[in-house]
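Take a look at the structure set out below.
What follows is calculated from the coordinates using simple rules that are stated; it is not laboratory data. Since we're looking at a predicted model, the values are computed, not measured. All Cβ positions, glycine included, derive from the backbone under ideal geometry; neighbour counts span all protein chains shown.
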């Protein structure tokens with residue numbers, strides 16, 4: 001039997017065992033995680049990845065694996081622990097990282113318990129507890145989509161990230177599932193992303209709402225491509241972004257210089273404090289890629305439509 005069939009069979013057996021209960025049981029304090037073993041095993045896994053790129057690299061130290069939060073629970077016959085883990089960098093150029101895992105109490109198995117047909121995570125509520133962040137500022141982000149449901153969504157994103165655009169389109173088409181979407185900028189594609197995020201913020205000074213500016217940026221704004229031999233972070237590319245915004249929103253002409261490079265300098269200066277706050281938040285929360293979505297505080301890294309629907313359902317159920 002090949003590995004794909006084995007994996008399907010394994011998950012099918014899990015689903016049969018879990019079928020009598022859709023959600024995981026409440027937290028179970030009788031389940032004790034072997035933290036030392038988990039940290040050592042995760043460090044070994046990171047070390048294997050490092051060694052695949054550099055055979056002479058030193059192993060990743062287990063002391064740099066920090067268990068930030070854990071929720072032990074039982075689901076059917078399975079005793080499991082949902083854990084939030086932070087990996088602290090131990091060498092130059094390495095970034096900190098955060099992972100959300102479901103493991104066995106011995107700390108030597110990672111488990112992914114999904115419904116084979118729907119792809120739903122059958123232990124989502126336990127994971128939601130460790131993904132929950134109760135320290136998000138109340139005034140975080142600008143409102144860009146008004147919904148008709150319950151729950152506040154914080155979207156940390158880049159207008160030129162394809163998955164961010166996919167998430168925005170999903171939200172715009174499902175307004176009955178949340179109360180509001182608020183936007184936090186994390187430009188990851190160089191100067192063109194810096195300029196797009198900056199213009200979304202600057203547009204409000206010309207009477208353009210963040211919702212209008214975001215709808216344009218995440219729907220129609222084109223990403224300029226640097227000609228061969230031209231620095232992709234050239235100011236001229238930022239000027240192209242500004243030109244597109246001015247064409248869509250003529251009111252911007254009243255406050256911006258005609259020269260696009262001068263206009264870019266003015267925009268950067270006007271929104272520097274706001275964008276720095278957004279970047280600091282991303283750094284503090286160890287958000288290294290986009291999108292990151294917080295659904296009533298429950299963090300979702302990347303855009304997985306099935307799990308995102310589960311987060312929305314959980315938010316509406318708890319309101």
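Overview of values
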{"item": "Shape call, segment 82-139: gyration tensor on alpha carbons, a/c limit 1.5", "result": "oblate"}
{"item": "Cβ-Cβ FRET estimate between residue 306 and residue 133, R0 fixed at 25 Å, reported to 0.05", "result": "0.70"}
{"item": "Semi-axes of the equivalent ellipsoid for the chain, Cα gyration tensor, largest first, Å", "result": "40, 24, 17"}
{"item": "Segment 143-218 - Rg and Dmax from Cα coordinates, angstrom", "result": "12.0, 36"}
{"item": "Selected from 166, 220, 94 as most flexible by GNM, with the chain as the system and alpha-carbon contacts under 10 Å", "result": "94"}
{"item": "Shape call, segment 59-187: gyration tensor on alpha carbons, a/c limit 1.5", "result": "oblate"}
{"item": "Between 0 and 90°, nearest 10: helix 235-248 axis offset from the chain longest Cα axis", "result": "80"}
{"item": "Beta bridges per DSSP with both ends in the chain, % antiparallel, nearest 5", "result": "85"}
{"item": "Rg to Rh quotient for segment 226-300, alpha carbon positions, Kirkwood Rh", "result": "1.09"}
{"item": "Whole-Å distance, taken between Cα centres, linking segment 265-290 and segment 174-190", "result": "15"}
{"item": "Tensor-based shape of segment 20-113 (alpha-carbon gyration tensor, a/c under 1.5 rounded, otherwise prolate or oblate)", "result": "prolate"}
{"item": "Residue among 242, 208, 50 with the largest mean-square fluctuation in a Gaussian network model of the chain, springs linking Cα atoms under 10 Å", "result": "50"}
{"item": "Cα-based equivalent ellipsoid of segment 157-279: semi-axis lengths in Å, sorted from largest, via gyration tensor", "result": "23, 17, 13"}
{"item": "Förster radius 35 Å - calculated FRET efficiency between residue 283 and residue 225, Cβ distance, rounded to 0.05", "result": "0.75"}
{"item": "Nearest 10 degrees, 0 to 90: helix 191-202 Cα axis against the chain principal axis", "result": "70"}
{"item": "GNM flexibility winner over the chain from 73, 124, 170 (Cα, springs under 10 Å)", "result": "170"}
{"item": "Rel. contact order, % - alpha carbon contacts under 8 angstrom, at least six apart, the chain", "result": "17"}
{"item": "Inverse of mean 1/r across different Cα pairs in segment 264-317, Kirkwood, Å", "result": "13.1"}
{"item": "Degrees between helix 162-173 axis and first principal axis of the chain (Cα, 0 to 90, nearest 10)", "result": "90"}
